[in-house]
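Student: Once you've had a glance at the structure underneath, I'll fire off some questions.
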Amino acid sequence: MTSHYRSAFAPGLLHGRVIVVTGGGSGIGRCTAHELASLGAHVVLIGRNLAKLQDTAGEIVADGGRASFHACDIRHEDTVRTVVTAIVGAHGRIDGLVNNAGGQYITPLENISAKGWQAVIDTNLTGGFLMARECYVQSMQERGGSIVNIVADMWGSMPGMGHSGAARAGMVNFTETAALEWARSGVRVNAVAPGYIASSGMDHYPPEAGDMLRAMRKTVPAGRFGNEAETSAAIAFLLSPAAAFISGTVLRVDGARPQARMGWPMELPDAQAQQRPAVRPYDGFHLAQTPRVFQDK
């Protein structure tokens, strides 16, 4: 393990950029913030847990990067507007937004209450819309920018998480619509759809879900879970100048899982095949933490 983030991209790629990362205190958001900072960006961490934001910002600064943070519940319109105003006031602009904050719980559709449904929709769809709208209106409309919305592998269905699937599908359509409407301002809007990623978010699922979570890799043609750094690399690419002609699309980071089909035998790669250069896991995040469900298993 190295003492600094090992990005696949050129040093200084995002030098001077101001990039907001929601849900930046843990999981994919934390990893992404580290990578963007390692590439020269000033990352602004957004989240509800102030202690986690402080810890992540401290890690980034200790590594020589630049970071600041704001406590914010993205579901509340006035709060989002105030926080974005503060960011623009402090930095003069917002160049990028990673709409990563989200969450859901496992339950069948018939057991989801209206309150539970609305809470997931507000977190995974409405909150992302509010953040994107305010970043656009308060900065990007005049200066341009790039937005990356984090969705999920919800193609076909999302059993056990129907509320999240509906919200993520809505965010994909929002991504496509915003890419069209905001192109006139020099704003690109894309999405990244992580599949089964070994992230700290899995620690929020109940212990009884452990066996199911551990078995999920067998449904992935790549034969394994992805990691946070592999997701962050996709986000960094879409924020970078190399993606200047990419907008309105979804980049899936899922090991071909949605392509699995009944009736076609799943031939998982063996350990030797999984170490071949084209598919070997990319371990760029020096502070990555293995989810508890996979520890000692």
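None of the figures in this text is laboratory data; all of them are computed from the coordinates on show. Since the structure is predicted, the reported quantities are computational estimates derived from the model, not experimental observations. Please note: Cβ atoms are built from the backbone with ideal geometry, for glycine as well, and neighbour counts cover all protein chains shown.
Student: Where in region 215-234 is the amide nitrogen less than 17 Å from a point lying 7 Å along the Cα-to-Cβ axis of Q259?
Tutor: The answer is 218-226.
Student: If you place +1 on the Cβ of every Lys and Arg, -1 on the Cβ of every Asp and Glu, and leave all else neutral, what size is the dipole of region 243-297 about its Cα centre, to the nearest 20 Debye?
Tutor: 100 debye
Student: Now, a different point. So what's the angle, to the nearest 10 degrees on a 0 to 90 scale, between helix 77-91 and the longest Cα principal axis of the chain?
Tutor: The two axes meet at around 60 degrees.
Student: Please compute the Kirkwood hydrodynamic radius of the chain from all pairs of different C-alpha atoms, in Å with one decimal.
Tutor: Taking every pair of different Cα atoms in the chain, averaging 1/r and inverting gives 19.5 Å.
Student: For region 23-98 and region 241-261, what is the separation of their C-alpha centers, rounded to whole Å?
Tutor: The two parts, judged by their Cα centres, are 25 Å apart.
Student: While we're looking at this one, here's another question. Over 19 Å apart: what share of the alpha carbon pairs of region 12-109 falls there, rounded to a whole percent?
Tutor: Counting every Cα pair in region 12-109, those more than 19 Å apart make up 37 percent.
Student: Expressed in nm to one decimal, what extension gain is obtained for the pair Q275 and I106 from 0.36 nm per residue of sequence separation less their Cα-Cα distance?
Tutor: In short, 57.6 nm is gained.
Student: Exactly which chymotrypsin sites (Phe, Trp or Tyr not before Pro) in region 214-297 are in a DSSP loop and have at most 10 other Cβ atoms within 10 Å?
Tutor: Passing sites in region 214-297 are F245.
Student: Residues with beta-carbon under 14 Å from that of A152, excluding A152: net charge, scoring Lys, Arg +1 and Asp, Glu -1?
Tutor: Residues close to A152 contribute a combined charge of +1.
Student: If the chain between A242 and A51 were fully stretched, how many nm would it gain, using 0.36 nm times the residue separation less the Cα-Cα distance?
Tutor: Additional length available on full extension: 65.3 nm.
Student: Follow-up. Could you pull out every residue, at least 5 positions away or on a different chain, whose amide H is within less than 5 Å of the one on R66? Hs are placed 1.01 Å off N in the peptide plane, and Pro or chain starts have none.
Tutor: Amide H neighbours of R66: V43.
Student: Just add up the charged neighbours of L125: K/R +1, D/E -1, any other residue whose Cβ is under 13 Å from the Cβ of L125.
Tutor: After counting each charged neighbour, the total is +2.
Student: If each residue of separation counts as 0.36 nm, what is the full-extension length gain between R214 and N173 once their alpha-carbon separation is subtracted?
Tutor: Using 0.36 nm per residue and subtracting the Cα-Cα distance, I get 11.6 nm.
Student: So what is the relative contact order for the chain, in percent, with contacts set as C-alpha pairs under 8 Å and at least six apart?
Tutor: It rounds to 19 percent for the chain.
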